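Asker: Got a structure here, written out as structure tokens. Questions coming.
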Amino acid sequence: QSYYAMLAENQKLHNELQELKGNIRVYCRIRPFLPGQREKQSSIEYVGENGELIIVNPAKQGKESRRSFKFNKVYSQAATQAEVFSDTQPLIQSVLDGYNVCIFAYGQTGSGKTYTMTGPDKASEDEWGVNYRALNHLFQTSQNREHAFSYEISVQMVEIYNEQVRDLLSSDTSQKRYPSLCSQPNGLAVPDATMYPVKATSDVLHLMDVGLKNRAKGSTALNERSSRSHSILSIHARGVDQKTRSSMQSSLHLVDLAGSERVDRSEVTGDRLKEAQHINKSLSALGDVISALAQKSPHIPYRNSKLTQVLQGSLGGNAKTLMFVQLNPEVNSYSETLSTLKFAERASGVELGAAKSSK
Ligand code: ADP
């Protein structure tokens, strides 16, 4: 019986993966209220089991105040890191079958992007985010398949700040800090960034530690800086079939995006304005690429930002994309919540018809 159960499970996984191919999935996750926040005042009214979400505008009354959305999944505030990962795992595992995969976390600062991708500071294993779990899962699966395939797994970690790429795994931060991009679409996007081989779980922990520490360096206020840069953990897998000697190569990019909140241009100047403009430009470029892909447009505008250039080989074609859309449930975040959801709707390609009819 367990054999048939396994076959059924494999078939289910296979169907799910076929369905994912070339599509953009959107999983929405609502951050819990933090201690001291007033739970009664939430902009989230309803979370359905099939990906429905209803938000309420505190400034309006009645029907007018509600807007509904539908995504592939919506996680309530009670969702655990393990639950979120278990839905993501088939996608991650497909990297070992030769698929390129990109996973993003999008949302305003404080909405839980880093929590979903990395976990809280000094996380216990239960609290590990997608990055740790993905690395560990890929590494362990590659070991389980050792009799049939030999895999090499290696990792790069970079940050994009003000349209400059910075190597986060470089041990010598004074040199090679700003590697350039590769112009060949099929090569490694950032060939000069440090490549860290993963041979044991301890390597996973070590490299995450180095990357996170380097990310914090160069700024006095960690949260300030990290919320204004995109960080990309890229896992590259190379596999050789032991029997046929055929080989495959693929990448998984795990991206913690800069905070999507709009900065009031009348209030900021200098460096802060420059940062805001760079973030705005790169997030719009990402939105444009994803929606061009969702519409199957013949021209995909990858060249418009460093972020989309780095990810070019893993966005579109046979690659699979998942976006975690993170929401802060507090009422005073309503307008950011709405604009985050609109971005997600546009990215998933479902908005087009709906928007036309509501105009
Ligand atoms: P962002 O990366 O979007 O700026 P963070 O991930 O730093 O946001 O989250 C903001 C705060 O909320 C942090 O203190 C984080 O630990 C907490 N937090 C976010 N999501 C969750 C969650 N699902 N469960 C518990 N705490 C969370």
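Values in this text are rule-based calculations from the coordinates and carry no lab data. This is a predicted model, so every value here is computed, not measured. Neighbour counts are summed over all protein chains in view; Cβ atoms, including those assigned to glycine, are modelled from backbone coordinates with ideal geometry.
Asker: Among Leu273, Leu311, rank each residue by its count of other Cβ atoms within 10 Å, from fewest to most, as a rough exposure measure. Before the final figure, lay out each step's value.
Answerer: On the way: Leu273 13, Leu311 26.
Going from least to most buried by this count: Leu273, Leu311.
Asker: Additional query: Could you give each residue of the stretch 337-344 its phi-based ³J(HN,Hα) in whole Hz, using Karplus coefficients 6.51, -1.76, 1.60 with θ = phi - 60°, and x for Gly or Pro?
Answerer: 4, 5, 6, 4, 5, 5, 4, 5
Asker: Which percent, nearest 5, of DSSP beta bridges in the stretch 22-350 are antiparallel? Present the calculation step by step, with values, prior to reporting the outcome.
Answerer: Working: 37 of 58 bridges.
That works out to approximately 65 percent antiparallel.
Asker: Another question, if that's okay. Can you pull out the trypsin sites (Lys or Arg not before Pro) in the stretch 251-328 that DSSP calls coil and that have at most 16 other Cβ atoms within 10 Å?
Answerer: On the way: sites: Arg262, Arg265, Arg272, Lys274, Lys281, Lys296, Arg303, Lys306, Lys320; in loops: Arg262, Arg265, Lys296.
Passing both the DSSP loop test and the Cβ count: Arg262, Arg265, Lys296.
Asker: What shape does the stretch 32-88 have by the C-alpha gyration tensor, where a ≥ b ≥ c are the square roots of the eigenvalues, rounded means a/c under 1.5, and otherwise prolate means a/b greater than b/c and oblate the rest? Please report the intermediate quantities before stating the final value.
Answerer: Details: a/c = 4.03, a/b = 1.38, b/c = 2.93.
Taking the square roots of the gyration eigenvalues as a ≥ b ≥ c, the stretch 32-88 is oblate.
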